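The values are calculated or read from the model by the stated rules, or taken from the named source; none is laboratory data. Keep in mind it's a predicted model, so treat the numbers as computed, not measured. Note: ideal-geometry Cβ built from the backbone for every residue, glycine included; neighbour counts use all protein chains shown. These accessible areas exclude ligands, DNA and RNA; they are computed on the full protein's heavy atoms, side chains included. Shrake-Rupley method; radii C 1.70, N 1.55, O 1.52, S 1.80 Å.
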Protein chains: 2
Amino acid sequence: MTTILNEHDNYHQAEEAYGFPLIIKQLLNRAKIASTNQTISYADKVTYTYAEFFKRINRLANVLKNMGLQAGDVVAVMDWDSHRYLEAYFAVPMSGMILQTVNVRLSEEKVLYTVNHAAPKALLLNAEFAPMIKDYRDDAPSIEHVMWADDAEDDKVGGEKAELPDYVDGEYEALLAAASDEFDFLDFDENTIATTFYTSGTTGDPKGVFFTHRQIVLQTMASTLASALNAEGQGARYNDVYMPMTPLFHVHAWCWPYGATMIGLKQVYPGRYLAPKLVDLIEQHKVTLSHGVPAILQMLLKEMAERGRKFENLKLLLGGSKLNEGLAKAAIECGIEFMSGFGMSESCPVLSRAVFDDKTESMTLEDNLNYRCLSGSPIMLVSMEIWDENGKPQPMDGKSTGELVIRAPWLTQSYFKNPDAGNELWKGGWMHTQDIACMTADGTLSITDRLKDVIKSGGEWVSSLEVETILSFHPSVADIAVIGVPDERWGERPLALIVLKPDHVDTKMEDILALGHQAVERGHLPKYGVPSEVRFLPDMPKTSVGKLDKKRMRSMYSENLI
Amino acid sequence: MTTILNEHDNYHQAEEAYGFPLIIKQLLNRAKIASTNQTISYADKVTYTYAEFFKRINRLANVLKNMGLQAGDVVAVMDWDSHRYLEAYFAVPMSGMILQTVNVRLSEEKVLYTVNHAAPKALLLNAEFAPMIKDYRDDAPSIEHVMWADDAEDDKVGGEKAELPDYVDGEYEALLAAASDEFDFLDFDENTIATTFYTSGTTGDPKGVFFTHRQIVLQTMASTLASALNAEGQGARYNDVYMPMTPLFHVHAWCWPYGATMIGLKQVYPGRYLAPKLVDLIEQHKVTLSHGVPAILQMLLKEMAERGRKFENLKLLLGGSKLNEGLAKAAIECGIEFMSGFGMSESCPVLSRAVFDDKTESMTLEDNLNYRCLSGSPIMLVSMEIWDENGKPQPMDGKSTGELVIRAPWLTQSYFKNPDAGNELWKGGWMHTQDIACMTADGTLSITDRLKDVIKSGGEWVSSLEVETILSFHPSVADIAVIGVPDERWGERPLALIVLKPDHVDTKMEDILALGHQAVERGHLPKYGVPSEVRFLPDMPKTSVGKLDKKRMRSMYSENLI
């Protein structure tokens, strides 16, 4: 497939030389030889070997083929994290089709929007999500085939199968059982689109991103490599047991299902994320490698506190939103070795990852905690710059901030059916993250704000993340967000929105702000960074993937709802 | 640069989207941000930071440009492992030129052959190798420019510079100093040829292999990943100190100079491989990560035995030829954590690498030693099959043997100016290694022989490697080779050639063969596998890269020279 383009005629390709396209099929090469007896589990429901997994990929490909689907067709999945989802991760793109991973945490309205925008021809549907698409023929007319999965059916009285809805082709297991377990996956161009999904952005309609086979293979290689190079006890290893705690609909679960399969790890898929079940599975399967957003970490810590136990050898890759030092400290105390990082939907996603080496090992606890709350340094092949408003790169001095722009081999090349937004994303030949960041001289990245969440007080920028981190140290604070609100004198002023811990509801605003004043005295925060006001909320407004929803907070504020 | 080829028009590329070619330049992205203060040393002569290294790459690129060289031109290097060589590893291919790494251990005649075959326009020449090319204008007419390096010059009396030969453009450091330290490396097609070198094969003229930027980037990623995933104490890490002990002219030193730079490791280049110097550098710089062939390991062990010390935290990637268990045991006892593997000139080179996980950790010492002498399992993306004479894949049962054939993203696509040999190499769409191998059910590869070294006794195959391993356990054996020699009755019979340890010269043939008979009794060796005869040699005939030269042994035998 590769053509060698040198002008020298002599660097030719032998007649039958295999050019090796970087397609998802190739991620299975090592596992097919070295890991046939390794196991994959779906919660407490299913356990099978990789040998069986490879056959099931073939069966699923035959099911899709028998439905008349063709290369380029979109196949959507609406399911919790299951073995089925993993099978679709491989069988769909390996068939030349495009896998749409539907974010089932969005509102029904938005789910329908994304399904109709990507226009899948087939859908793998967990019965629990069936109500979201109401009437298929009217609401999602592109869908011609539905594969039905109902984990609950065995629990029904008498063990009888529930009747399938009439629009359904068949039950997933029955469809697989009826298909051949042999399939010859052909090679094709590595720049073929493999996956698509939608950003859960808080502004406007969700935007579709898309990734090629090549991009996914390269992200998988680089991201696993960056994690594996970490010092003893802190990196990915051949003897890890893997379980995702970032949903498989969310940016390919950071490509770790691909990575874990490529390496040939023992894998566990947890279904719906319920804290007791996650912790049970971690303990039962001795899970050592996972990933998630800080909200998941918080959930695990709470569950473990109730059990009065600690985790053993659990390595957790963190990302999605910035960690605060209070949570970091609690995680370490609970036996979790975590590695922060940075990525986004548009970047497949991983761009940076914390590095653990001699330097980090010799840090004081305070420095170590501080380091762990930063976003690590660029992983292999990633190029990053910090640009000011005019696109001028800023120095790496640990304080100069600007927009983080990136180049990497795995960035969405546009937005689906939205060329204007795509061109905006890539203005100047670098991908704009819309994140405000600074970098230290040794390349450690610190995200200080979202471009649109930046607070400008008296002409000076205030980093809401910085203020959040400082105030999060108050023992009464369960969750915190700092937003900019209009101010006659200063243009904008920071406002802190705080959820108090259940037994600390009497805490006063002044007590919490005292931490801010203290930080000013120590030179950690400019004076104008201390919020003028604190408002206490019962719950924190968050997006479907657990990020602070500051857009909603600002609109709630303007409507006097908080 | 990437074109997205899906039929759906909507998966377009934004106007200014950066397609990210996999070119060697990109291997510097992470280091340029995260490792500017890390150091690179050349033996005890030079130490500088990566920041300086990047500038020197720019300077070298300017030197080449100022000489009038253009993309596609070949630049040869004849040097020991030095900072200069590392600079050429990057600056030459990053300029779109082709780096020829000349094997200076070949005979003068063969060196000249390879230089004239690749036809470089410029040569970076260590003064020590100047005699090999005698008269440049007549003997190597393609060479228009010579950069001269003479490490010895400072040692001259009075510190005066030695006069440069008249055919030389200038001294390397002077040329660099006179050039600008700014250079804008442009992007180009990732399938551009980056490197070329010659196999040191024992049959016929050396054959030229060649590798593209893409191939080197992918080999670098996959090979570092396979090493990094190993269990605690046994894998590549961010806090390693790297020093090559496979020469930089030998298959890109297994791409580790690229890998170490990509990761941003502290690096040490040892110059010529002299055992006392290698050990001094390992101890002085606390080197933790290196690679080499078993002959290098033997050299290190001998030197360390003389010093009466052990190594600390030294991880050694092994390859090139098969390890015997005696050497493996000695290495572990001397504090070396080693990982065997398999690769070849045609494969960039790494294809398989030992895996250390829970299974290996729970092995008995004997099983562990045995495992370490095998060749590991395929690294990521590599596909392997064992073919019988008719191209039929053999089962992975730990005993069925046949020729090992491979597919990987980094295999030479032919031989330079030798399409017939290239077509033979790629017959049937898989690359033929000419190695006889078998694989266990868990994918562990065991090379049992070279196709052309196979011994056929009474119609049955004898694995010379197996016999060598068994007899190597005799305490008197320093080095051993088993070859097939003509036999009237059996067609061929194995003959053992043995170098005895200095204080064991009185050992009898029968004592050594007793180990073979014992192996027969235990079912480890067929009866016809025990050599009929042993001949004792003062030295073992080896190739320029330290492999057993069985072709020469067979011809010496037929001429009654042994």
(request) State whether one or more residues within region A:177-186 are modelled with pLDDT of 95 or more, assigned to a helix (DSSP H, G or I), open to solvent by less than 80 Å² (accessible area, probe 1.4 Å) and more than 30 Å from A:M344 (Cα to Cα). (result) yes
(request) Evaluate region B:429-437: report whether one residue or more is farther than 27 Å from A:G19 by Cβ, open to solvent by 50 Å² or more (accessible area, probe 1.4 Å) and not assigned by TED's automatic domain parsing to the domain that holds B:V217. (result) no
(request) Would you point out the residue of region B:504-529, among those that are assigned to a loop (DSSP other than H, G, I, E, B) and farther than 18 Å from B:P475 by Cα, that is most open to solvent (accessible area, probe 1.4 Å)? (result) B:R522
(message) Can you say whether A:G201 is of a type outside the set (A, V, I, L, M, F, W, C), more than 30 Å from A:K110 (Cβ to Cβ) and either assigned by TED's automatic domain parsing to the domain that holds A:V77 or at pLDDT 95 or above (or both), as far as the supplied structure shows?
(response) no
(request) Please go through region A:202-216 and pick out each residue that is touching a Ser or Thr at 6+ places or on another chain (Cβ under 8 Å) and open to solvent by 30 Å² or more (accessible area, probe 1.4 Å). (result) A:T202, A:K207
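Conditions tested, residue by residue: (1) assigned by TED's automatic domain parsing to the domain that holds A:M245; (2) not hydroxyl-bearing (S, T, Y).
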residue: A:F338; (1), (2): yes, yes
residue: A:C348; (1), (2): yes, yes
residue: A:S352; (1), (2): yes, no
residue: A:T364; (1), (2): yes, no
residue: A:M384; (1), (2): no, yes
(request) Could you tell me whether A:L323 is within 30 Å of A:T444 (Cα to Cα) and free of Cβ contacts under 8 Å to residues at least 60 places away in the same chain? (result) yes
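Please go through region B:465-483 and pick out each residue that is farther than 16 Å from B:L495 by Cβ and not aromatic (F, W, Y).
Residues of region B:465-483 farther than 16 Å from B:L495 by Cβ: B:469, B:473-476, B:478.
Scanning region B:465-483 gives B:T469, B:H474, B:P475, B:S476, B:A478.
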(request) Considering each residue of region B:416-433, count those that are at the interface with chain A (Cβ under 8 Å from one of its Cβ atoms), in contact (Cβ under 8 Å) with a residue 12 or more places away in the chain and either among the charged types (D, E, K, R) or part of a loop (DSSP other than H, G, I, E, B) (or both), and give that number. (result) 4
(request) Select from region A:276-304 the residues that are surrounded by fewer than 17 Cβ atoms within 10 Å (Cβ to Cβ) and at pLDDT 95 or above and write down the one among them that is nearest to the other protein chains (Cβ to nearest Cβ). (result) A:K286
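Here is a check on your reading of the model: is B:E15 farther than 30 Å from A:L22 by Cα and surrounded by fewer than 18 Cβ atoms within 10 Å (Cβ to Cβ)?
Values: farther than 30 Å from A:L22 by Cα: no; surrounded by fewer than 18 Cβ atoms within 10 Å (Cβ to Cβ): yes.
Against the criterion (farther than 30 Å from A:L22 by Cα and surrounded by fewer than 18 Cβ atoms within 10 Å (Cβ to Cβ)), B:E15 does not qualify.
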(request) Just one of (1) open to solvent by less than 30 Å² (accessible area, probe 1.4 Å); (2) within 14 Å of chain B (Cβ to nearest Cβ) trips up A:M363, so point out which. (result) (1)
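Being more than 30 Å from A:G422 (Cα to Cα) and touching a Pro at 6+ places or on another chain (Cβ under 9 Å) narrows it down to one residue among A:E283, A:E312, A:E303; which is it? Break it down stepwise before answering.
Working: A:E283 fails: touching a Pro at 6+ places or on another chain (Cβ under 9 Å); A:E312 fails: touching a Pro at 6+ places or on another chain (Cβ under 9 Å).
The unique qualifying residue is A:E303.
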(request) Would you mind finding the one in B:M396, B:M384 that is within 12 Å of another protein chain (Cβ to nearest Cβ), more than 23 Å from the chain's Cα centre (by Cα) and surrounded by 20 or more Cβ atoms within 10 Å (Cβ to Cβ)? (result) B:M396
(request) Pick out the one residue from B:L281, B:L301, B:L265 that is in the same structural domain as B:A222 (by TED's automatic domain parsing) and under 28 Å from A:I379 (Cα atoms). (result) B:L265
(message) Looking at region B:438-466 only, could you name the residues that are open to solvent by less than 40 Å² (accessible area, probe 1.4 Å), under 28 Å from B:F356 (Cβ atoms) and not hydroxyl-bearing (S, T, Y)?
(response) B:C438, B:M439, B:G443, B:L445, B:I447, B:D449, B:L465
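Could you tell me whether region A:28-35 includes any residue that is surrounded by 21 or more Cβ atoms within 10 Å (Cβ to Cβ), within 14 Å of chain B (Cβ to nearest Cβ), in a loop (DSSP other than H, G, I, E, B) and touching a Gly at 6+ places or on another chain (Cβ under 7 Å)?
Let us first name the residues in region A:28-35 that are surrounded by 21 or more Cβ atoms within 10 Å (Cβ to Cβ), namely A:28, A:30-31, A:33-35.
After this cut, where a residue has to be within 14 Å of chain B (Cβ to nearest Cβ) as well, the list is A:28, A:30-31, A:33-35.
Next cut, in a loop (DSSP other than H, G, I, E, B) only: A:35.
Next, only the ones that are touching a Gly at 6+ places or on another chain (Cβ under 7 Å) stay: A:35.
Yes, region A:28-35 contains a residue that is surrounded by 21 or more Cβ atoms within 10 Å (Cβ to Cβ), within 14 Å of chain B (Cβ to nearest Cβ), in a loop (DSSP other than H, G, I, E, B) and touching a Gly at 6+ places or on another chain (Cβ under 7 Å).
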(request) Give the residues of region A:411-455 that are in contact with a Gly (Cβ under 6 Å, 6 or more places away or on another chain) and under 20 Å from A:R554 (Cα atoms), sorted by residue number. (result) A:I455
(request) Could you list, in sequence order, all residues of region A:259-275 that are assigned to a loop (DSSP other than H, G, I, E, B) and either within 14 Å of chain B (Cβ to nearest Cβ) or open to solvent by 10 Å² or more (accessible area, probe 1.4 Å) (or both)? (result) A:G264, A:L265, A:R272, A:Y273, A:L274
(message) With in a helix (DSSP H, G or I) and within 16 Å of the chain's Cα centre (by Cα) as the only criterion, which of B:L297, B:L281 stands out?
(response) B:L297
(message) On the basis of being within 8 Å of another protein chain (Cβ to nearest Cβ) and under 19 Å from B:V355 (Cα atoms), does B:A408 make the cut?
(response) yes
(message) Just to verify a result, which residue in region B:366-381, among those that are more than 12 Å from chain A (Cβ to nearest Cβ) and closer than 26 Å to A:F20 by Cβ, is most open to solvent (accessible area, probe 1.4 Å)?
(response) B:L374
(request) Spot the failing condition for A:F338; the list is (1) modelled with pLDDT under 95; (2) open to solvent by 10 Å² or more (accessible area, probe 1.4 Å), and only one is missed. (result) (2)
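Got a sec? Which of B:Q219, B:Q234 is assigned by TED's automatic domain parsing to the domain that holds B:E325 and open to solvent by less than 10 Å² (accessible area, probe 1.4 Å)? Walk me through it before giving the result.
Details: B:Q234 fails: open to solvent by less than 10 Å² (accessible area, probe 1.4 Å).
The match here is B:Q219.
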(message) The conditions are (1) of a type in the set (G, A, S); (2) crowded, with 21+ Cβ neighbours inside 10 Å; (3) over 21 Å from A:K547 (Cα atoms), and A:G308 fails exactly one of them. Which is it?
(response) (2)
(request) Among the residues of region B:225-258, count how many are over 16 Å from B:E346 (Cα atoms) and part of a helix (DSSP H, G or I). (result) 7
